[in-house]
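The values are calculated or read from the model by the stated rules, or taken from the named source; none is laboratory data. These numbers come from a predicted model, not from an experiment. Positions of Cβ are backbone-derived with ideal geometry, glycine not excepted, and every protein chain shown enters the neighbour counts.
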Amino acid sequence: MNPKVLVAGVGNVFLGDDGFGVEVARRLAAEELPDGVRVADFGIRGMHLAYELLDGYDTAILVDAAPRGGSPGTLYVIEPEQGPAEEVGIIDAHGMEPVAVLALLSTLGGEVRRVLVVGCEPADVDERMGLSEPVAGAVDGAIRLVRELLMDARAEGKEG
């Protein structure tokens with residue numbers, strides 16, 4: 001049986017490189033993907049993403065800009081902690097902090113077996129449209145990385 005996987009592009013396209021996840025989701029949505037995989041652009045709608053995750057996904061792959069101190073365009077795979085909302089604090093319905101979205105999901109009674117963030121080190125998150133050159137150059141690598149994670153999820157789904 002194929003696992004149910006959500007690939008969620010997140011970020012704000014009006015803040016330069018923060019639109020990285022949205023661009024990756026747009027490009028992935030145009031490709032042929034395995035059965036059970038849904039790709040969607042959630043932008044900055046954290047509440048919408050939390051409710052979508054209530055639909056029973058085995059794995060969620062969030063794609064987003066992730067400032068971690070590396071060179072612009074560096075890709076990361078991050079496995080965020082999941083916990084209840086009271087440990088996270090106030091949840092902004094229009095925010096997209098992955099830990100807060102997962103806390104809201106927990107509060108709503110849902111869970112996802114595995115959550116991964118494919119992040120890209122941004123160069124510029126000022127008010128403007130379009131990705132910087134190093135971040136735009138990382139989009140193809142992020143798509144390959146997401147495809148690898150989808151293959152891993154399928155292999156785990158067949159074992160479990």
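Figure legend. Inter-residue proximity from segment 102-123: first residues touching a residue at least 12 places away in the same chain (Cβ under 8 Å), second residues assigned to a strand (DSSP E or B) and polar (S, T, N, Q), beta-carbon distance below 6 Å, spacing 6+ or different chains. Indicated pairs: ARG114/THR59. The number of residues in segment 65-108 being surrounded by fewer than 19 Cβ atoms within 10 Å (Cβ to Cβ) and modelled with pLDDT under 75 comes to 17. How many residues, within segment 129-160, are loosely packed, with under 13 Cβ neighbours inside 10 Å and either touching a Phe, Trp or Tyr at 6+ places or on another chain (Cβ under 9 Å) or basic (Lys, Arg) (or both)? Number of matching residues: 3.
Here segment 21-34 is the region considered, the condition is being of a type outside the set (Asp, Glu) and touching a residue at least 24 places away in the same chain (Cβ under 8 Å), and the residue that is farthest from SER132 (Cα to Cα) is PRO34.
Of the residues making up segment 25-37, none is crowded, with 18+ Cβ neighbours inside 10 Å, of a type in the set (Val, Ile, Thr) and under 10 Å from the mean Cα position of the chain (by Cα). Listed conditions (1) in a helix (DSSP H, G or I); (2) surrounded by fewer than 19 Cβ atoms within 10 Å (Cβ to Cβ); (3) touching a residue at least 40 places away in the same chain (Cβ under 8 Å) are all met by ASP18, apart from (2). Could you please find all residues in segment 40-63 being surrounded by 19 or more Cβ atoms within 10 Å (Cβ to Cβ), in a strand (DSSP E or B) and not aromatic (Phe, Trp, Tyr)? Residues satisfying the conditions are ASP41, GLY43, THR59, ALA60, ILE61, LEU62, VAL63.
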